[in-house]
């Protein structure tokens, strides 16, 4: 079995647990109805899975994509360079401490 299929199924179940559950219920009902010669259960399963997929597709396609917003220019609180001169370097004098 392809290694990507289980990963795809796990991520789908985590993102959409209700939709995935309804699809699973519909497919299982359709399989049971198909093998058991119960055409009403088969039709109910296919209808449940199909309706769930249609509603999911409608919900995803109905979402509007966000419009591109203007780039925000960062507001700088300090100037890029200091206007004052730099401080002189301090040197540490090495004196022996008095005992």
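Looking across 51, 5, 46, 9, one residue alone is surrounded by 14 or more Cβ atoms within 10 Å (Cβ to Cβ) and part of a helix (DSSP H, G or I). It is 46.
Annotation: of all residues in segment 12-24 being without any contact (Cβ under 8 Å) to a residue 12 or more places away in the chain and surrounded by 13 or more Cβ atoms within 10 Å (Cβ to Cβ), the one that is nearest to the chain's Cα centre (by Cα) is 12.
Any residue at all in segment 25-36 that is over 25 Å from residue 11 (Cβ atoms), assigned to a loop (DSSP other than H, G, I, E, B), in contact with a helix residue (DSSP H, G or I) (Cβ under 9 Å, 6 or more places away or on another chain) and without any contact (Cβ under 8 Å) to a residue 24 or more places away in the chain? Looking for residues that are over 25 Å from residue 11 (Cβ atoms), assigned to a loop (DSSP other than H, G, I, E, B), in contact with a helix residue (DSSP H, G or I) (Cβ under 9 Å, 6 or more places away or on another chain) and without any contact (Cβ under 8 Å) to a residue 24 or more places away in the chain, one finds at least one in segment 25-36, hence yes.
Bear in mind these aren't lab numbers, they're just calculated from the coordinates by the rules spelled out. It should be emphasised that the depicted structure is a prediction, and the values quoted were computed from it without experimental measurement. All Cβ positions, even for glycine, are placed from backbone atoms using ideal geometry, and neighbour counts span all protein chains on display.
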